[in-house]
Amino acid sequence: MKKLFSYMRGYRTECVLAPLFKLIEALLELFVPVLVADIIDFGIGAGDRGYIVRYSLYIAALGLLGLLFSVTAQYFSAKAAIGFASRLRLAAFSRIQGFSYSQIDSFGIPSMITRLTGDIDRVQSGVNMTLRLFLRSPFVVFGSVIAAFLIDTKSALIFTGTVPLLSVIVFGIMLAGIKLFKKVQAKLDSITKSTGDNLRGVRVIRAFRGEDKEVENFSATAAALAKIQKFTGKITSLLTPSTYIIINFATILLIYVGALKVNQGDLSQGEVVALYNYMAKILVELIKLADLIITMTKAAASASRTAELIGEETEDEPDDENAPLPAFSAGAPLLQFRDVTFTYHDGAEPALSHIDFTAPKGSRIGIIGGTGSGKTTLINLIPRFYDAQSGEISYRGVPLSQIGKGALRKKIGIVPQKSVLLGGSIRDNLRWGDPNATDEELKNALQKAQALDFVMDKEGGLSYEIAENGGNLSGGQKQRLAIARALVKKPEILILDDSSSALDYATDYRLRQALSEIGKEMCIFIVSQRTVSVKDCDTILVLDDGVIVGKGTHEELMKSCDIYREIHYSQYPDEEGKA
Amino acid sequence: MKGQKGTVKKIFDYIGKYKAAAVLSLSFSFLSAILILLLPVIFGDMIDCIVAPGEVDFTTLSPLIIQAAIIILITAVFQWLQYTINNQITANIVRDIRTDAIRRIEILPLSFLDNHPHGDLISRVVADTDTLADGLLLGFSQLFSGLTTIVGTIAFMLSIDVKITLVVVLVTPLSLFAARFIAKKSYAMFRKQAQAKGQQTAYINERLTSQKTVKAFSQERNSIRGFDERNQALASYSLKATFYSSLTNPVTRFVNSVVYAGVALVGALVVVGSGGLTVGGFTCFLSYATQYTKPFNDISSVITELQNALACAQRIFELIEQEPQTAEREKAKLSDIRGDVDFRHVSFSYDKEKPLLQNIDFSVKAGQRVAIVGPTGCGKTTLINLLMRFYDADNGDIFIDGISIYDIPRRNLREQFGMVLQDTWVKNASIRENIVMGKPDATDEQIKAAARASGAHSFIKRLPKGYDTVLGKDFDGLSEGQKQLLCITRVMLCPPPMLILDEATSSIDTRTELLITEDFSKLMKGRTSFIVAHRLSTIREADLILVMKDGNIIETGTHASLLAQNGFYKELYESQFKKSE
């Protein structure tokens, strides 16, 4: 939580001036009774109408002055609160950029969304209200207590007893409230999750006529949220009534003690009235404060959720792409895996065991194997999305762990299994690979990826706007754009993770042909389930349950590797028996 | 302002359901406001008992103390009840609104959902509704008690002096005018703020779901930059909205001090002119004048909060009132169908300016296996979209067993199809729940049998909790292929009379595919099946192949007859076997 305050830096002036001006406004208000007393004593007393008019104008003028101060204060507090919240949001979003994939999974995307939006909103309004009111209310409360001491020390002891009692109750309710509000926000996460689920799965839900069931599930979540909100409401609603009871019982006590004292001649009636007035002032202020405290409680709960996000150690910080690379040993292969074993979760079966192979510059490496055999895991180790627990992967003879992730990833072009394109023009999406690429270079990449024709058919060509998550493109189109995007990068290592699954054979064939023409400057990893995609590779790795069960060219494997043969014949049943 | 009034009315419709509770809450609020006004009077009487040393009237004082104590306790109880009821009503209303929103989402046309950033819709269902709740709660707890206090104070003032009361009552509306003026301005800003928030949420949603690709391309900084732009836009609207709305309080307070000065002036002059007002009465009047103006402050600050709430409410109502898909027609009903499917002169396009499917016309006989082939983007998936009525054709008609699919309810139509799509979707629920989507009452045995048939059983049993593994909670790493196997299991569990397989096995390795081929064939036997596939083996066994290009069916026939035609299909087919060197 403390960390969050550092984002206040830069708004120090506003943070001081806003409450200060509010305070001045309150002080100005305190002058009004003095002026009224003067009107009564001198204006009415002397029957001086001019005096009355003048002093009434003074009261109005004080009001105007107060207006100026408070408007300025409002501006400062709004500026500080919003500036703070917006920095916080940026900081949290940036922090997420440094999360590893497993960190993202552990928070969950819906929860991160609510933290970035709803929670920070609450923090913002909490800060805003606090700056406006928090100094003012205690000032009035403590001012009244001091004033009470000046009138009568013994009666003032009632005040000093009341204030701590109030504090205990207020903070007790507040602490309980923070816990409950955190629960409320967590339930809100499930609402976000469920809504997102319904939007993404709409086709399947409708195809299976699951609409009613989904509504039912959602209602259950919404009802659970309502239930905990109601309970929270019951607890926090105690705040105002309990303050009311304490202050007013204190008032009764005050009047009673006052009555005894007046009877003994220790106190005058006017002094009792004054003490009573101060108690009343405290009450009014405390009721305002109670509202503020609820807002603050919500803000504190939300702030701690935000702090959880910001406080998380980033495991995959984006580092400088242009960081100097270590000295590479000449003659070392481009990429080498030596006895690499990787496990996703502690204690689980390894997803990859004892992986050993070499990928020289300009080579083509095919990776083939069944669903869940570890193909994608293997290539995820190359750009260091995950780090292997044992064994070593080296790039030009240097272990990957000694190379900055940013600099390493700059050398690698990846086409993921599920093509991801984001809202924005085709040009913007392609330039992910190289922000300075010219249209000519982009077209060149599109050409190789077999995407130029359809891109040019789109309205605006490269400027065509892609909808969120590529919603206005077909699966095959997305895949080809993703390939083009990786090519724009002109990587040393190109990884195609089953990247042609959505392509029809004709397009796939032309794509493979284009890739073979790229020449020898690129080392290409082709992950596939089809032997036809990998048969021209220099080395094919056959994976089964995380272990390499075959390594060699197509011809070699057809002779030596049962699993490879099986895969091949499952796709080309005609060839079986001919060989 | 007109839209605003409509929105207020809609909110009241939601409140209407909790009329009894609302009335109860208002009564408690009324009673506690009156009691709060009454307490100072009793305290005043108590102070009147304390005159001077030796002259304190304890016999009158004691019962007053008891009276005050009782009033305090009752007030506190009423206050608590009022707040609690308000919380209940608000929580219920928000629940109702959210449920209505999701209910509407389920019947919105896909053209709407496909073209709307999901993050923005989520922001409406979650964040906007939340803001509305805050506003409602504040409105409930302060608006009415404020009004009661005003009316009560006026009554007390009238009992002292009519003339000065009139001065007060005539001047104060000024503050309401000022508040209204400011409210109008800030409402516009609040709407912009809510919009900017929606855009930002959409951006967050999109970027975070694509985080891995973002990382692969080292686009983190780029993401942050894009986020920063939206964040700044939001901040600038927020600043304006917050500042404008926070003007209400100082301005009304200023009007109040003018009122106060006015009362001081007129009151003092009346006293001097001896118009029947004592100094004591004058003091009392001044204190009521402050008490009277305080609720105005509260109400005007509530009003600004309500502006924000209304701006958000309007966004959520926009969603709830979004035109749903065309009404269902129940002219006919499909049951025990054979499975003849006819497309008659069907035309369709997503974008009216770019025709896609043109005059599609073909017939499928019951039980036939239909393969749809063609280059990417030629309209294969669109054909499926029309068949399932995810979209409605612009022209032409589609018949099943001679009945137009537009004459039957969508559910009745979709019941007839089992569908597996290339774009896999599993929900964040247990494996079991994911499988039983089409048949919620399936037994464990049936589920396992289906999973065995689809080849999913072997990986499911290795998951941390088997069939009870909750995706997104217990386990997160299903591969695309495994997801696809789950989707196939769904269909295997309750096979309907017709099947749609849109690249249903694209992510499954061929060995696994081979293992489930037999079950798949069994599944397709006797069922009209539409298959979009790239794999030759599936295509070759089809009874009818539709070859599509640029939105038209250019060739139809069987594998053999199409090869003989020596046309586009042959070209497609041969590219498969050509070597890529």
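The values are calculated or read from the model by the stated rules, or taken from the named source; none is laboratory data. Please read all numbers here as calculations on a predicted model, not as lab measurements. In this analysis, Cβ positions are derived from the backbone assuming ideal geometry, glycine residues included, and neighbour counts consider all displayed protein chains.
Points worth noting:
- Meets criteria (surrounded by fewer than 22 Cβ atoms within 10 Å (Cβ to Cβ), in a helix (DSSP H, G or I), facing another protein chain (nearest Cβ under 8 Å) and under 44 Å from the mean Cα position of the chain (by Cα)) for A:Val71: yes
- Qualifying residue in the stretch A:27-47 (condition: surrounded by fewer than 16 Cβ atoms within 10 Å (Cβ to Cβ), assigned by TED's automatic domain parsing to the domain that holds A:Phe139 and outside any helix (DSSP H, G or I)): yes
- Against the numbered list (1) closer than 18 Å to B:Ser111 by Cβ; (2) surrounded by fewer than 15 Cβ atoms within 10 Å (Cβ to Cβ), B:Ser349 comes up short only at (2).
- Hey, B:Asp161 at pLDDT 80 or above and of a type in the set (Asp, Glu) or not: no
- Which listed residue, of A:Lys418, A:Lys375, is closer than 30 Å to A:Arg565 by Cβ, within 13 Å of chain B (Cβ to nearest Cβ) and touching a Gly at 6+ places or on another chain (Cβ under 7 Å): A:Lys375
- Selection count where residues are under 22 Å from A:Leu238 (Cα atoms) and at pLDDT below 90, scope the stretch B:39-82: 1
- Residue match in the stretch B:121-129 (condition: in a helix (DSSP H, G or I), at the interface with chain A (Cβ under 8 Å from one of its Cβ atoms) and free of Cβ contacts under 8 Å to residues at least 40 places away in the same chain): yes
- Flag: B:Ile85 does not match the condition of being within 7 Å of chain A (Cβ to nearest Cβ), part of a helix (DSSP H, G or I) and crowded, with 18+ Cβ neighbours inside 10 Å.
- Every listed requirement among (1) in contact with an Asp or Glu (Cβ under 7 Å, 6 or more places away or on another chain); (2) in a helix (DSSP H, G or I); (3) not basic (Lys, Arg) is met by B:Leu486 save one, (1).
- Of the criteria (1) away from every other protein chain (no Cβ under 12 Å); (2) closer than 22 Å to A:Thr117 by Cα, which one B:Asn231 fails: (1)
- Residue count for the stretch A:445-487, restricted to those that are under 32 Å from the mean Cα position of the chain (by Cα) and either of a type in the set (Asp, Glu) or more than 10 Å from chain B (Cβ to nearest Cβ) (or both): 10
- Among (1) facing chain A (nearest Cβ under 10 Å); (2) touching a helix residue (DSSP H, G or I) at 6+ places or on another chain (Cβ under 6 Å); (3) of a type outside the set (Asp, Glu); (4) within 28 Å of B:Leu383 (Cα to Cα), the one test that B:Arg511 misses: (4)
- Filtered residues of the stretch B:52-76 (kept if within 59 Å of the chain's Cα centre (by Cα), facing chain A (nearest Cβ under 7 Å) and among the β-branched types (Val, Ile, Thr)): B:Ile65, B:Ile72, B:Thr75
- Residue check for A:Ala437: more than 24 Å from B:Gln422 (Cβ to Cβ), in contact (Cβ under 8 Å) with a residue 40 or more places away in the chain and not aromatic (Phe, Trp, Tyr): yes
- Residue match in the stretch B:253-261 (condition: hydroxyl-bearing (Ser, Thr, Tyr), part of a helix (DSSP H, G or I) and either closer than 30 Å to B:His116 by Cβ or more than 7 Å from chain A (Cβ to nearest Cβ) (or both)): no
- Here A:Asn217 passes the criteria (1) at the interface with chain B (Cβ under 7 Å from one of its Cβ atoms); (2) farther than 30 Å from A:Gly161 by Cα; (3) not hydroxyl-bearing (Ser, Thr, Tyr) except the one numbered (1).
- Against the test of being touching a residue at least 12 places away in the same chain (Cβ under 8 Å), in contact with a Ser or Thr (Cβ under 9 Å, 6 or more places away or on another chain), assigned to a helix (DSSP H, G or I) and crowded, with 23+ Cβ neighbours inside 10 Å, the options A:Leu481, A:Leu543 yield a single qualifying residue, A:Leu481.
- Residues of the stretch B:524-553 classified as farther than 12 Å from B:Gln368 by Cα, touching a residue at least 60 places away in the same chain (Cβ under 8 Å) and of a type in the set (A, V, I, L, M), total: 7
- Counting only helices (runs of 4 or more DSSP H) that sit wholly inside the stretch A:195-296, those with at least 3 residues that are of a type in the set (Asp, Glu) and at pLDDT below 90 are A:211-236.
- From the options B:Gly367, B:Gly418, residue that is more than 10 Å from chain A (Cβ to nearest Cβ) and over 23 Å from B:Asp351 (Cα atoms): B:Gly367
- A:Ala327 of a type in the set (A, V, I, L, M), over 27 Å from the mean Cα position of the chain (by Cα), modelled with pLDDT of 75 or more and surrounded by 15 or more Cβ atoms within 10 Å (Cβ to Cβ): no
- Looking only at the stretch A:489-513, and only at residues there that are aliphatic (A, V, I, L, M) and more than 10 Å from chain B (Cβ to nearest Cβ), the one that is surrounded by the most Cβ atoms within 10 Å (Cβ to Cβ): A:Leu496
- Cβ-Cβ contacts under 6 Å between residues 6 or more apart (or on different chains), taken from a first residue in the stretch A:188-214 that is of a type in the set (Phe, Trp, Tyr) to a second residue that is buried (at least 21 other Cβ atoms within 10 Å of the Cβ), are listed as A:Phe208/B:Met437; A:Phe208/B:Gly438.
- Filter pass, A:Ser94 being of a type in the set (Gly, Ala, Ser) and either under 30 Å from B:Lys215 (Cβ atoms) or not assigned by TED's automatic domain parsing to the domain that holds A:Gly10 (or both): yes
- Within the set A:Ser353, A:Ser329, A:Ser401, the sole residue that is part of a helix (DSSP H, G or I), more than 30 Å from B:Glu206 (Cβ to Cβ) and not charged (D, E, K, R) turns out to be A:Ser401.
- Among the residues listed as A:Val273, A:Val262, A:Val184, the single one being in contact (Cβ under 8 Å) with a residue 12 or more places away in the chain and hydrophobic (A, V, I, L, M, F, W, C): A:Val184
- Selection within the stretch B:421-447: residues that are part of a helix (DSSP H, G or I) and surrounded by fewer than 17 Cβ atoms within 10 Å (Cβ to Cβ). The member of this set that is farthest from the other protein chains (Cβ to nearest Cβ) is B:Glu445.
- Failed criterion for A:Glu392 (all others in (1) surrounded by 20 or more Cβ atoms within 10 Å (Cβ to Cβ); (2) farther than 18 Å from A:Gln479 by Cβ hold): (1)
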